[in-house]
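Everything on this sheet refers to the single structure shown next.
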Amino acid sequence: MIAGARQPREDGPPPVPPSHQGCAIRSVRVQLPARRGEPAGELRAELRDRHEDGHHHLHHLVWRLDPSLRVCSSAVLGGGIGPRAWILNAQVPGGYPRLDPDRHLAEIAAAEGLTGPGAGLMTAADVAAYTTGHDGGVTATVTTGLGVRGWAAAPESATHAPHRPGTVNIVVTLPTALSDAALVNAVATATEAKVQALLDAGLDCSGTPTDAVCVAAPEPGPDGGEPFAGPRSTWGARIARAVHTAVLAGARTAR
């Protein structure tokens with residue numbers, strides 16, 4: 001998330017402003033083999049190589065979601081809890097000048113042909129260097145940018161500094177439905193695991209000011225879904241281990 005952004009919408013991407021309609025965004029799929037340890041058949045992100053406004057080799061990850069999935073997210077575009085047709089994690093240049101990241105993400109989504117409500121995240125980290133963790137059906141995909149890292153509880157004077165898009169972005173997918181409370185708990189568990197991994201990597205920080213999390217899980221049926229996703233619950237423990245693995249690998253290479 002970027003400071004100064006408008007309140008995100010939950011009913012899909014906002015209209016593209018006239019000044020940006022038809023802007024030149026071209027992307028191609030980057031063909032990569034399955035990563036080591038990546039289970040077959042799990043929902044995979046698609047890596048895209050984007051040319052935009054004179055910038056070449058900006059990457060983004062796209063998840064095209066099954067209609068039965070819903071997402072709990074702190075993303076700048078499509079945050080909150082609800083059905084989402086896609087998730088987008090887009091790389092932008094350092095020194096990002098725009099103050100409308102939600103609209104920018106909507107433009108990238110439109111250029112990809114993504115329709116319906118979605119969730120969009122943004123980072124200045126190299127998205128092509130994403131890392132993954134897997135545990136018991138849970139997949140965590142992480143992009144790790146730590147150039148503006150710090151502690152969550154900082155002096156008030158530090159909270160007024162401009163927030164550049166460095167960002168640790170975490171996307172978690174799992175095959176089991178979670179209740180509303182468990183979805184929120186899953187975001188908290190993923191965040192706890194992120195901080196643990198950063199400390200295990202020898203970094204003196206809890207993250208960056210703009211970190212974001214998305215958790216995608218099936219819609220609950222009449223039983224209401226799994227009620228818990230804390231780190232000692234079955235699915236919360238799997239989320240924690242998958243996120244820890246992915247963030248630790250990313251932090252070690254991003255230092």
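Each of T234, V215, A246 was placed along the dipole of segment 209-255 (beta-carbon charges, centred on the mean Cα), and the one lying farthest toward the positive end is A246.
Averaging 1/r over every pair of different alpha carbons in segment 43-97 and inverting the result gives a Kirkwood radius of 12.7 Å. Averaging 1/r over every pair of different alpha carbons in segment 145-255 and inverting the result gives a Kirkwood radius of 14.7 Å. Rounded to whole numbers, the Karplus 3J(HN,Hα) couplings from phi for segment 61-78 are 9, 10, 10, 9, 8, 5, x, 7, 8, 10, 10, 10, 8, 9, 4, 5, 10, x Hz, using 6.51 cos²θ - 1.76 cosθ + 1.60 with θ = phi - 60°, and x at Gly and Pro. For segment 81-220, what does the alpha-carbon gyration tensor say about shape, rounded, prolate or oblate, given a ≥ b ≥ c as the root eigenvalues, a/c under 1.5 as rounded, and a/b over b/c as prolate? In terms of gyration-tensor shape, oblate. Carbon-plus-sulfur accessible fraction, segment 109-152 (probe radius 1.4 Å, protein heavy atoms only): 52%. Taking the average, over residues, of other Cβ atoms within 10 Å as the packing measure, peptides 147-154, 61-68 rank 61-68, 147-154 from highest down.
Cα-based values for segment 58-132, radius of gyration first and Dmax second, are 12.0, 38 Å. Peptides 84-90, 117-123 ranked from most to least packed, by the mean per-residue count of other Cβ atoms within 10 Å: 117-123, 84-90.
Residues in segment 139-238 average 43 Å² of solvent-accessible surface per residue, probe 1.4 Å, ligands and nucleic acids excluded. With the simple spin-label model, which puts each label point 7 Å out from Cα in the Cβ direction, the A188 to A153 separation comes to 1.6 nm. Please list, in order, the residues from segment 50-76 whose amide nitrogen is less than 15 Å from a point placed 7 Å along the Cα→Cβ vector of E219. Residues passing the 15 Å test: 65-72.
The values are calculated or read from the model by the stated rules, or taken from the named source; none is laboratory data. Only a predicted model underlies this, so the values are computations on that prediction, with no experimental measurement involved. Every residue, glycine among them, receives a Cβ derived from its backbone with ideal geometry; neighbour counts consider all protein chains shown. Each accessible area value is taken on the protein alone, full model and side chains, heavy atoms only, with ligands, DNA and RNA left out. Shrake-Rupley method; radii C 1.70, N 1.55, O 1.52, S 1.80 Å.
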